[in-house]
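Trainee: My questions will all concern the structure given below.
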């Protein structure tokens, strides 16, 4: 009789496991990327009061309740670069962002290249304060013997679904954040690292997510030769989802390569992404995808209209953020009579704000030419009063201005590199003292101070420290040994200029002509 009951128990156990393996399951992944310290809501020209963790928390709380009401599972993930943006976050070494993410309930983030911009000690403080793990399987300290964060996390939900999240960081970190890491970190090839970890984690889990700060490109690698999410999906099988960051690429629908979905937003906390996976047993049978605008608006008449629904700010988040004493001076230091666009549009074309900034740099340094990468112009300026806070919002980085003597041939090489990089990238240049055409990836008809470029002549040039140190692939500038760091902070130079002149004068435009045919 005892043997009979044992046999019956075993049969019931097997049937229960079989039933569990075949039941319907839901996994919802909420994601952000490249938030860049934008913990508070902020303004863009014709788009006031957007983004911010307080509205994001309200939205994510609502989604969490919805998913849990369906008996589903939820993960909240960040693909990195949570650091460096809103001046208030900069003053407080990004603690408002970390504390805010704690309150939202993030499950993990991958380490982005900008996490080290306040130095390695500040990175450690953020890591210690966070209630969620910092992930990167290809970043090491102490001579490559200790991971800079956790390589991965694994989570088993109540319905038995198991999920692994693996972190990967771009090797570009070593050049972008050289000052921040100061030799403390070494990095391995992210693709080879994934080839090691993915089979191990996939074997133990139903779902494998890569939380990637590699970037999504139109090709397998960036123009500078850094591996992207495309290459990862093509060469490493077994990845169900890549939550991407670094390139701030707004993917309106998931990109599917082989069996891997790739998602990403334009960042700055302006959008929250969501992808739902519906399972029959362990098989994905359906996906849904949505990007939620965080109080983005369009102009309507003399007012504004929300893109989507208005999202109320969570009071607990507002109170927590306002408890930080991280304010720049909000005293008026000048005034402008028109809106000046900034942000991602600077990566597509010459903008007036880019002309203004590079003209001021050229004037300050007494050079013939000035240029800077458009990715450094993080936001624009609204018509009216200008404060120090506004200026640091445009240019939150601690970049200084370098000067050097370059031959015309070297300038041609820099501008050809810029033209070949194309549009929509941080390496797009804003320029002063230069006129040029871009056609089929080449810089043509270059004039310096109205005169045709002489490849044998030497010119005095100014540029920001990011590209001076090889950022965005400008290795020709990195290799110039005679360049000099003036120690002028870009933001400080802009502040001094508007204080002295009361405004930003309207510059002469049409410096970069983009020829399509």
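Laboratory data are not the source of any read-out in this text; all were calculated from the coordinates shown. None of these values were measured; they are calculated from a predicted model. Ideal geometry is used to build each Cβ from the backbone, glycine not excepted, and the neighbour counts take in all protein chains shown.
Trainee: Considering only DSSP beta bridges where both residues belong to the chain, give the percentage that are antiparallel (nearest 5).
Mentor: Details: 64 of 95 bridges.
About 65 percent, rounded to the nearest 5.
Trainee: Pulled fully out, how much extra length does the chain show between residue 158 and residue 327, if you take 0.36 nm times their separation in residues and subtract their Cα-Cα distance?
Mentor: Working: separation 169, 0.36 × 169 = 60.84 nm, distance 4.38 nm.
Full extension from residue 158 to residue 327 adds 56.5 nm.
Trainee: Quick one: helix 53-69 against the long Cα principal axis of the chain, what's the angle to the nearest 10°, folded into 0 to 90?
Mentor: Helix 53-69 sits at roughly 20 degrees to that axis.
Trainee: Quick check on region 23-322: of the DSSP beta bridges with both residues there, what percent are antiparallel, nearest 5%?
Mentor: Given both bridge residues lie in region 23-322, the antiparallel proportion sits at roughly 60 percent.
Trainee: Rank by packing, highest mean first: peptides 196-204, 212-220, with packing defined as the count of other Cβ atoms within 10 Å averaged across residues.
Mentor: Working: 196-204: 16.0, 212-220: 22.0.
Top of the packing list down: 212-220, 196-204.
Trainee: Normalised by the residues of region 387-488, what does the relative contact order come to in percent, with Cα pairs under 8 Å and at least six apart? It would help to have the intermediate numbers written out before the result.
Mentor: Numbers: 139 pairs, mean separation 40.2, N = 102.
Dividing the mean separation by the residue count of region 387-488 yields 39 percent.
Trainee: Moving on to the next point. What number, in percent, do you get for the relative contact order of the chain if the mean sequence gap of Cα pairs under 8 Å and at least 6 apart is divided by its residue count?
Mentor: Values: 1203 pairs, mean separation 76.3, N = 517.
Taking the mean separation of contacting Cα pairs over the length of the chain, I get 15 percent.
Trainee: Could you order the peptides 255-262, 80-87, 63-70 from most to least packed, using the average number of other C-beta atoms within 10 Å per residue?
Mentor: Working: 255-262: 16.9, 80-87: 28.1, 63-70: 13.5.
Highest-to-lowest ranking by the protection proxy: 80-87, 255-262, 63-70.
Trainee: Can you work out D for region 332-514 in µm² s⁻¹ from Stokes-Einstein, where Rh is the Kirkwood radius over C-alpha pairs, the temperature is 4 °C and the viscosity is 1.567 mPa s? If you can, show how the numbers build up before the last one.
Mentor: Numbers: Rh = 16.2 Å.
Rounded, D is 80 µm²/s.
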